[in-house]
Amino acid sequence: MVKSIAMVIGGSAPAYSLAGRAGALGPAPAGTAPILPFTSRFPKALAMTQPVSTTISGAQNGLTLVGRLMLAYLFLPAGISKLMGFSGTVGYIASKGLPAPSAAAVVALLVEIVGGLALIAGFGTRVAAIVLAVFTVVAAVFFHNFWAVPEAQQMMQQINFNKNIAIAGGLLVLAAFGAGAYSVDAKRRG
């Protein structure tokens, strides 16, 4: 039987599990899952079960769509900016001492534009999210290397480095759980 966090940390009775197993408050109603784990120390009125298909799944799908759009908002404009200011992008990459700055600029703008469009459409989302996550971590290491800049720039570069790592983490969550129902990927699965 799956036990709640409350049980693991010393609760005296099992709570509802997400698997809908019976617990101290009784069995979960058909087609529902608990939002929070509860033990017998909480009144039944606080058990808060909702239909899984309408509340939890609907909210997850909507939030996944919004999350994809917010991530694309970062990558798509950046890729278009690199395309429109290609020579400046090449110069910036060259200033970091990276080899083949023209090729690197092409790769960067393609990853950002194609990846951003893939996130918007929810097409090939898992692959796009992994590619964008790797790209974002690489960009953090080479372009926000706070450990190698003058002290006056370290705080800003560390903030940008940390943001990139957090963005990559969000992309990996998207890669793990997929694009949600509001996506081309979901339509293709049927």
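The values are calculated or read from the model by the stated rules, or taken from the named source; none is laboratory data. The model shown is predicted, which means the values in this text are computed figures rather than measured ones. Positions of Cβ are generated from backbone atoms using ideal geometry, with glycine treated the same way; all protein chains shown enter the neighbour counts. Heavy atoms of the whole protein, side chains included, go into the accessibility calculation; ligands, DNA and RNA do not. Shrake-Rupley method; radii C 1.70, N 1.55, O 1.52, S 1.80 Å.
Things to note:
- For the range 84-98, taking the residues that are farther than 21 Å from Val149 by Cβ and of a type outside the set (Ser, Thr, Tyr), the one that is surrounded by the most Cβ atoms within 10 Å (Cβ to Cβ) is identified as Val90.
- Top-ranked residue in the range 103-149 [being touching a residue at least 40 places away in the same chain (Cβ under 8 Å) and over 25 Å from Gly62 (Cα atoms); ranked as least open to solvent (accessible area, probe 1.4 Å)]: Phe143
- Residues satisfying the stated conditions in the range 158-186, i.e. open to solvent by less than 30 Å² (accessible area, probe 1.4 Å), more than 15 Å from the chain's Cα centre (by Cα) and closer than 17 Å to Gly115 by Cα: Ser183, Asp185
- Scope the range 93-129; condition part of a helix (DSSP H, G or I), under 15 Å from the mean Cα position of the chain (by Cα) and closer than 20 Å to Arg189 by Cα; matching residues: Ala118, Leu119, Ile120, Thr125, Arg126, Val127, Ala128, Ala129
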